[in-house]
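Asks: Before I ask anything, here is the structure I am working with.
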Amino acid sequence: MGEITYLEAIREALFEEMERDPNVFMIGEDIGAYGGAFKVTEGLLAKYGESRVIDSPISEIGIVGAAAGAAHMGMRPVVEMQFIDFIANAYDMLTNYVATARYRAFLPTPMVVRGPSGGYVRGGPFHSQNPEAGFIHTPGLKVVYPSTAEDAKGLMKSAIRDDDCVLFFEHKYLYRRIKAEMPAGDVTVPIGKARVAREGRDLSIITYAATVYKALEAAEQLEREDRLSVEVIDLRSLAPLDDDAIVATVKKTNRVLVVHEDTRTGGIAGEITARINETCFSWLDAPVLRVTAHDVPLPYAPSLEDFVLPQTADIVLAARRLAAY
Amino acid sequence: MARSVTSRGAGRRASGAGAPASAAEPVSDISLTREQRLDLYYWMRLTRSLEERLVNLYRQTKVVGGLFRSLGQEADAVGSAYALRQGDILSPLIRNLGSMLVKGATPVEILKQYMAKADSPTRGRELNIHFGDTERGFIGQISPLGDMVPVMAGVTLTFRMRGEDRVGMVYVGDGATSTGAFHEGINFAAVQRCPLVVIIESNGYAYSTPTSKQTLAKQLVDKALGYGIPGERADGNDVIATYEATKRAVDRARRGEGTSIIELVTYRRKGHAEHDNQSYVPAGEIERWERENDPITRYLSRLADEGVSDTEITAIDERVQREIDEATDIADASGVPEPLDALVGVYAEPPTAEPLWFREGRRAAVDVNERAAGWGTFDVPAKGDE
């Protein structure tokens, strides 16, 4: 079995879950005949037909709401947002309806909303967003955002099998750049568990999605040039957060840098920092630092996008400050 | 001349019980002078040739993002926008380069915008034809579809509140008619009797989705009945028919008779964007439209019947080519944005964000001391641009 891309890993999970459970079905714009804007769902229509792979009108409110209704009836819908930026249209449905359904009405809503997310691709303000923070803030929704092909597949399987709504963010920069060989058999990755992407002793970088690779690059450079041993934690799940993994790395290295591609204000780095302060402040040898995107809409021009988004050099600079504190 | 079957719907009203204004309306003066008729040809040719130039630049990787074509839809864009006058405001969609040119967008702006140049209308912030200028009368779209319908309801509500003699126009595709924003926006405009013309460009596909999977309505103009407003359907590949139908709706709006829907039937001959190979289109369909129903070919034949000479047409073609060449040189020579410009203009006050701590020592954006109000679209006069 050869290596497959992050994108193919997601597709493989969709095929396997549709095969395993007849209640699983797909709904989204251009996902059938065209196979999706990024071809994630390519081939599903041919195998499972129009009744389980539904090309929808341009109606994010409609398809997310319909998925919720089907989920109440025992189906397990997987909804594609053509770009995750358009999840904003379904914000009301997700936050007011779906997220509260179990709590207020005891209605199970096992559904997945997935879509291509993130920048570094010159997509401009409406094809580059990382809107996870608004949903992490909403009790009742789970949020995952994998960085590796194995996790993309394993988390997708877990998301589809989860009895609550899971928002599954896929990083479009990673779609075809990241490859791995898949483990044999039906392997799931648990929601709510972080992963140690690199072991280290001197300081920790907590991150997820595309910036995992920037953190790993920075870690290599810091080892080479500064003889620093950097640990990199890939959160994988943003809601629920893996508090145990965060506390463990704080206690191990005593210095923490949180990195994300999302904008700074209200981003998850603030939440992680607060939790560290509450639970293991006395283990810190330095204040927790953040490297994030600037608080501006994401611009189109390469020079502008590169400035707004966090880069490897920023992580190196921040890590050096942390190490020297 | 050869016409497609769809053009038979031209001029058909969504009359019936629910469409009050379609009967007994005053006849507008919709005659066009010979000069205006040649003008229409110029805008259509400019639209097509400018997009062809963009294809070349795209292949040279000078276009940073995706490229969106309106090949075969030039008549609906140009003919509808031509029904407006100065002071009116339209909001185009992704196939409405022609509408924007008519309203005063220049080729050099379009080229710089696609090439993400520092002095592009959005200074490198936005892509393709996502830009506007309220002075010249167009407001830029965003990617989520249908969103501009309620926005244009508000623009035209303002015209009405201020007692101004101005009209608004908003374009949506067949796809956007499925959105909540379209429905809420048009219903609000209708109830408020906003002077708004909603153009539905029915071009057969939304990305890969055929209109038959978008709606079971036999024709999109039928939606007008549900909103209690007049609707008219016209052949969008006939620039004169498009102009006339739109002009009737514009005149109604200007007389204070509220919102209308105009459905323009056309066909999208290229993919959603340049990367799209159109594998989902039935064999022969694109070729048939190209052969039988090209809006420019059709219009040229009409102009010839009206006595326009080849020499006059050639002169326009040469002018278009010259203007595009000059615009390309200017756009090509333009620089890329300064990184720190990214921080300017999120709010009116403060005018710029500070670089985050890990970018300390790079304060140029703060030092230019420009305020956000000055960062809208601006027009760089360019030789040879209208």
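Asks: Any idea which of A:GLY154, A:GLY192 is at pLDDT 95 or above, over 18 Å from A:ILE87 (Cα atoms), crowded, with 22+ Cβ neighbours inside 10 Å and not polar (S, T, N, Q)?
Replies: One residue alone meets the criteria, A:GLY154.
Asks: Ok, one more. Kindly indicate the residue of region A:17-64 that is under 22 Å from A:PHE86 (Cα atoms) and touching a Lys or Arg at 6+ places or on another chain (Cβ under 6 Å) and also farthest from the other protein chains (Cβ to nearest Cβ) among those meeting that condition.
Replies: A:PHE25
Asks: I want to confirm something. Restricting to region B:29-58 and keeping residues that are aliphatic (A, V, I, L, M) and part of a helix (DSSP H, G or I), which single residue is farthest from the other protein chains (Cβ to nearest Cβ)?
Replies: Here the residue is B:LEU38.
Asks: On to the next question. Can you tell me which residues in region A:244-262 are out of contact with any Lys or Arg (no Cβ under 6 Å at 6 or more places or on another chain), within 14 Å of chain B (Cβ to nearest Cβ) and without any contact (Cβ under 8 Å) to a residue 60 or more places away in the chain?
Replies: A:VAL259
Asks: Scan region B:277-303 for residues that are within 26 Å of B:VAL170 (Cα to Cα) and either assigned to a loop (DSSP other than H, G, I, E, B) or out of contact with any helix residue (DSSP H, G or I) (no Cβ under 9 Å at 6 or more places or on another chain) (or both) and jot them down.
Replies: B:TRP289, B:ASN293, B:ASP294
Asks: Within region B:192-199, identify whether any single residue is surrounded by 24 or more Cβ atoms within 10 Å (Cβ to Cβ), within 20 Å of B:PRO295 (Cα to Cα), in contact with a helix residue (DSSP H, G or I) (Cβ under 7 Å, 6 or more places away or on another chain) and touching a residue at least 40 places away in the same chain (Cβ under 8 Å), and answer yes or no.
Replies: Taking every residue of region B:192-199 in turn, at least one turns out to be surrounded by 24 or more Cβ atoms within 10 Å (Cβ to Cβ), within 20 Å of B:PRO295 (Cα to Cα), in contact with a helix residue (DSSP H, G or I) (Cβ under 7 Å, 6 or more places away or on another chain) and touching a residue at least 40 places away in the same chain (Cβ under 8 Å).
Asks: Take the residues in region A:229-257 that are in a strand (DSSP E or B) and hydrophobic (A, V, I, L, M, F, W, C); name whichever of them is nearest to A:ALA219 (Cα to Cα).
Replies: Among those that are in a strand (DSSP E or B) and hydrophobic (A, V, I, L, M, F, W, C), it is A:VAL230.
Asks: Among the residues in region B:368-377, are any modelled with pLDDT of 90 or more and charged (D, E, K, R)?
Replies: no
Asks: Somewhere in region B:338-361, is a residue over 25 Å from the mean Cα position of the chain (by Cα) and of a type in the set (Lys, Arg)?
Replies: Scanning region B:338-361 turns up at least one residue that is over 25 Å from the mean Cα position of the chain (by Cα) and of a type in the set (Lys, Arg).
Asks: I would also like to ask the following. Could you check region A:54-106 and list, in sequence order, the residues that are surrounded by fewer than 19 Cβ atoms within 10 Å (Cβ to Cβ), closer than 30 Å to B:TYR205 by Cα and aromatic (Phe, Trp, Tyr)?
Replies: A:TYR91, the sole residue that qualifies.
Asks: Go through region B:304-324 and count every residue that is assigned to a loop (DSSP other than H, G, I, E, B) and either under 23 Å from the mean Cα position of the chain (by Cα) or at positive phi (or both).
Replies: Matching residues across region B:304-324 total 1.
Asks: Residues in region B:102-118 that are assigned to a loop (DSSP other than H, G, I, E, B) and either within 11 Å of chain A (Cβ to nearest Cβ) or among the hydrophobic types (A, V, I, L, M, F, W, C) (or both): how many?
Replies: 5
Asks: Does region A:127-147 contain at least one residue that is within 14 Å of chain B (Cβ to nearest Cβ) and part of a strand (DSSP E or B)?
Replies: no
Asks: State whether the residues of region B:260-278 include one that is closer than 28 Å to B:GLY185 by Cβ and among the polar types (S, T, N, Q).
Replies: Among the residues of region B:260-278, at least one is closer than 28 Å to B:GLY185 by Cβ and among the polar types (S, T, N, Q), which makes the answer yes.
Asks: If you don't mind, another one. Do we find that B:GLY132 is touching a residue at least 60 places away in the same chain (Cβ under 8 Å), among the small types (Gly, Ala, Ser) and either buried (at least 21 other Cβ atoms within 10 Å of the Cβ) or touching a Pro at 6+ places or on another chain (Cβ under 9 Å) (or both) in this structure?
Replies: In short, yes.
Asks: Just checking, which of B:ALA365, B:ALA342, B:ALA327, B:ALA331 is away from chain A (no Cβ under 14 Å) and either modelled with pLDDT of 90 or more or part of a helix (DSSP H, G or I) (or both)?
Replies: From the options B:ALA365, B:ALA342, B:ALA327, B:ALA331, the qualifying one is B:ALA327.
Asks: Just give me the residues in region A:199-243 being in contact (Cβ under 8 Å) with a residue 24 or more places away in the chain, surrounded by fewer than 19 Cβ atoms within 10 Å (Cβ to Cβ) and over 16 Å from the mean Cα position of the chain (by Cα), in sequence order.
Replies: Residues satisfying the conditions are A:GLU199, A:ARG201, A:GLU217, A:GLN221, A:ASP226, A:SER229, A:ASP243.
Asks: B:GLU184 fails exactly one of the following numbered conditions: (1) in contact (Cβ under 8 Å) with a residue 60 or more places away in the chain; (2) among the acidic types (Asp, Glu); (3) within 14 Å of chain A (Cβ to nearest Cβ). What is the number of that condition?
Replies: (1)
Asks: State yes or no: is B:TYR267 outside any loop (DSSP other than H, G, I, E, B), crowded, with 18+ Cβ neighbours inside 10 Å and either free of Cβ contacts under 8 Å to residues at least 60 places away in the same chain or aromatic (Phe, Trp, Tyr) (or both)?
Replies: no
Yes/no per residue for (1) in contact with a Leu (Cβ under 9 Å, 6 or more places away or on another chain); (2) surrounded by 13 or more Cβ atoms within 10 Å (Cβ to Cβ); (3) in contact (Cβ under 8 Å) with a residue 12 or more places away in the chain:
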{"position": "B:ASN277", "(1), (2), (3)": "no, no, no"}
{"position": "B:TYR280", "(1), (2), (3)": "no, yes, yes"}
{"position": "B:GLU287", "(1), (2), (3)": "no, no, no"}
{"position": "B:GLU290", "(1), (2), (3)": "yes, yes, yes"}
{"position": "B:THR297", "(1), (2), (3)": "no, yes, no"}
{"position": "B:GLY307", "(1), (2), (3)": "no, no, no"}
{"position": "B:GLU318", "(1), (2), (3)": "no, no, no"}
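Asks: Given the conditions (1) over 21 Å from the mean Cα position of the chain (by Cα); (2) away from every other protein chain (no Cβ under 11 Å), and given that A:ALA67 satisfies all but one, which numbered condition is not satisfied?
Replies: All conditions are met except number (1).
Asks: Let me ask something additional. Of the numbered conditions (1) within 14 Å of another protein chain (Cβ to nearest Cβ); (2) more than 22 Å from B:ASP325 (Cα to Cα); (3) over 9 Å from the mean Cα position of the chain (by Cα), B:ARG85 fails exactly one; give the number of that condition.
Replies: (1)
Asks: Here's something else I'd like to know. Considering only region A:1-83, give the helices (runs of 4 or more DSSP H) lying wholly within it that have at least 2 residues that are out of contact with any helix residue (DSSP H, G or I) (no Cβ under 9 Å at 6 or more places or on another chain) and within 17 Å of A:VAL166 (Cα to Cα).
Replies: Where helices (runs of 4 or more DSSP H) fall fully within region A:1-83 and carry at least 2 residues being out of contact with any helix residue (DSSP H, G or I) (no Cβ under 9 Å at 6 or more places or on another chain) and within 17 Å of A:VAL166 (Cα to Cα), they are A:60-72.
Asks: Take the residues of region A:273-312 that are β-branched (Val, Ile, Thr) and within 12 Å of chain B (Cβ to nearest Cβ): which is surrounded by the most Cβ atoms within 10 Å (Cβ to Cβ)?
Replies: A:VAL291
Asks: A further question on this structure: Could you say which residue among B:ILE262, B:ILE286 is among the β-branched types (Val, Ile, Thr), at pLDDT 95 or above and under 24 Å from B:GLY66 (Cβ atoms)?
Replies: B:ILE286
Asks: Search region B:59-79 for residues being among the charged types (D, E, K, R) and assigned to a loop (DSSP other than H, G, I, E, B), and hand back the single one that is farthest from the other protein chains (Cβ to nearest Cβ).
Replies: Looking at residues that are among the charged types (D, E, K, R) and assigned to a loop (DSSP other than H, G, I, E, B), I get B:ARG69.
Asks: Would it be correct to say that B:LEU145 is closer than 24 Å to B:GLY104 by Cα, within 9 Å of chain A (Cβ to nearest Cβ) and out of contact with any strand residue (DSSP E or B) (no Cβ under 6 Å at 6 or more places or on another chain)?
Replies: In short, yes.
The values are calculated or read from the model by the stated rules, or taken from the named source; none is laboratory data. Worth saying up front: this structure is predicted, and the values here are computed from it rather than measured. Note that each Cβ is placed from the backbone with ideal geometry, even for glycine, and that neighbours are counted across all protein chains shown.
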